[in-house]
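Engineer: Here's a structure for you.
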Amino acid sequence: MCHVIVTCRSMLWTLLSIVVAFAELIAFMSPDWLLGFPRSDSGASGAGVDSGEYRPSLGLYSRCLRIGSRGVGASCGPYAGTFGEVATGFWQAAMLFLAAGILVLGGVACISVFSMCFQSIMKKSIFNICGLLQAIAGLLLMVGLMLYPAGWGSEKVLSYCGPEALPFRPSLCSLGWAFYAAIGGTLGSFLCAVLSAQAEIATSSDKVQEEIEEGKSLICLL
């Protein structure tokens, strides 16, 4: 018999698992990892186009060439048509680690939704399994984030950040929100791993067992 068990801690773990997976996916796809030095767009003219200074942005595989003070007339898209055209080998490796971590987090987020009905897989706690996967995903993401600044000396980054850019030294560039979102998602994945243990404790508590013995199929302990 399927018992739907909802507790405050298990619901918090489920929601945070989904948020973390989406945060990492959005950060991965965003071009706002590095913000280049301000430059003027003297060639921009006409209605609806901001002709003042703008800061181009560069992501893992995409870029924005024109960003006005209000985001008017931004021209964004991938600069790499294939994986081999990514700016540097460090970024290629970072993308692989980040993609692997996001794939694991996405899978766990999907499983977490069904954890209300199924609390075990082959007699193993679904929360413990997912928590272990989230910790592994966090390690993959952490490796990817450490590899990313090692590629700041590439020719692509030099064109955005100036000739003095070096690995781990972005020179005239500053870090964009996507990089911080990726860091937040990485920390969140480790937090999810910790919360999974609390979710396991909450769904196997004495109160839950008492309600199961009473024959209830919907158990809500918030």
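The values are calculated or read from the model by the stated rules, or taken from the named source; none is laboratory data. Bear in mind that the values here come from a model prediction, so they are computed numbers and not experimental data. Backbone-built Cβ (ideal geometry, glycine too); neighbour counts: all protein chains shown. Side chains are part of the model used for accessible areas, which takes the heavy atoms of the whole protein and leaves out ligands, DNA and RNA. Shrake-Rupley method; radii C 1.70, N 1.55, O 1.52, S 1.80 Å.
Engineer: For residues in segment 182-204 being buried (at least 23 other Cβ atoms within 10 Å of the Cβ) and over 19 Å from ILE129 (Cβ atoms), which is farthest from the chain's Cα centre (by Cα)?
Structural biologist: Only one residue fits best here, namely THR186.
Engineer: Which condition does SER75 not pass, out of (1) among the hydroxyl-bearing types (Ser, Thr, Tyr); (2) surrounded by fewer than 19 Cβ atoms within 10 Å (Cβ to Cβ); (3) in contact (Cβ under 8 Å) with a residue 24 or more places away in the chain, if it passes all the others?
Structural biologist: (3)
Engineer: Among the candidates ILE111, ILE102, single out the residue that is assigned to a helix (DSSP H, G or I), open to solvent by less than 30 Å² (accessible area, probe 1.4 Å) and modelled with pLDDT of 85 or more.
Structural biologist: ILE102 is the lone residue from the list that is assigned to a helix (DSSP H, G or I), open to solvent by less than 30 Å² (accessible area, probe 1.4 Å) and modelled with pLDDT of 85 or more.
Engineer: Residue by residue through segment 83-99, note down the ones that are open to solvent by 50 Å² or more (accessible area, probe 1.4 Å) and within 22 Å of the chain's Cα centre (by Cα).
Structural biologist: Scanning segment 83-99 gives PHE83, PHE90, LEU96, PHE97.
Engineer: Please go through segment 19-40 and pick out each residue that is open to solvent by 30 Å² or more (accessible area, probe 1.4 Å) and either part of a helix (DSSP H, G or I) or of a type in the set (A, V, I, L, M, F, W, C) (or both).
Structural biologist: Selection gives VAL19, PHE22, ALA23, LEU25, ILE26, PHE28, MET29, LEU35, PHE37.
Engineer: Still on this structure, I have one more. What's the number of the condition LYS207 fails, among (1) modelled with pLDDT of 95 or more; (2) open to solvent by 50 Å² or more (accessible area, probe 1.4 Å)?
Structural biologist: (1)
Engineer: Can you confirm whether segment 52-71 contains a residue that is open to solvent by less than 40 Å² (accessible area, probe 1.4 Å), at pLDDT 90 or above, part of a loop (DSSP other than H, G, I, E, B) and touching a Pro at 6+ places or on another chain (Cβ under 7 Å)?
Structural biologist: Yes, there is a match, as at least one residue in segment 52-71 is open to solvent by less than 40 Å² (accessible area, probe 1.4 Å), at pLDDT 90 or above, part of a loop (DSSP other than H, G, I, E, B) and touching a Pro at 6+ places or on another chain (Cβ under 7 Å).
Engineer: Same structure again: The conditions are (1) part of a helix (DSSP H, G or I); (2) surrounded by fewer than 19 Cβ atoms within 10 Å (Cβ to Cβ); (3) touching a residue at least 12 places away in the same chain (Cβ under 8 Å), and CYS117 fails exactly one of them. Which is it?
Structural biologist: Of everything listed in (1) part of a helix (DSSP H, G or I); (2) surrounded by fewer than 19 Cβ atoms within 10 Å (Cβ to Cβ); (3) touching a residue at least 12 places away in the same chain (Cβ under 8 Å), CYS117 misses just condition (1).
Engineer: Right, next: Kindly indicate which of PHE118, PHE127, PHE90 is in contact with a helix residue (DSSP H, G or I) (Cβ under 7 Å, 6 or more places away or on another chain) and modelled with pLDDT under 85. Working first, answer last.
Structural biologist: Values: PHE127 fails: modelled with pLDDT under 85; PHE90 fails: modelled with pLDDT under 85.
Checking each option against the conditions leaves just PHE118.
Engineer: How many residues, within segment 120-144, are part of a loop (DSSP other than H, G, I, E, B) and either under 14 Å from GLU200 (Cα atoms) or open to solvent by less than 50 Å² (accessible area, probe 1.4 Å) (or both)?
Structural biologist: Within segment 120-144, the first condition is being part of a loop (DSSP other than H, G, I, E, B), and the residues that meet it are 122-123.
If we keep only those that are either under 14 Å from GLU200 (Cα atoms) or open to solvent by less than 50 Å² (accessible area, probe 1.4 Å) (or both) too, we end up with 123.
Residues that pass the stated criteria total 1.
Engineer: What's the number of the condition GLN134 fails, among (1) in contact with a helix residue (DSSP H, G or I) (Cβ under 6 Å, 6 or more places away or on another chain); (2) over 19 Å from VAL20 (Cβ atoms)?
Structural biologist: (2)
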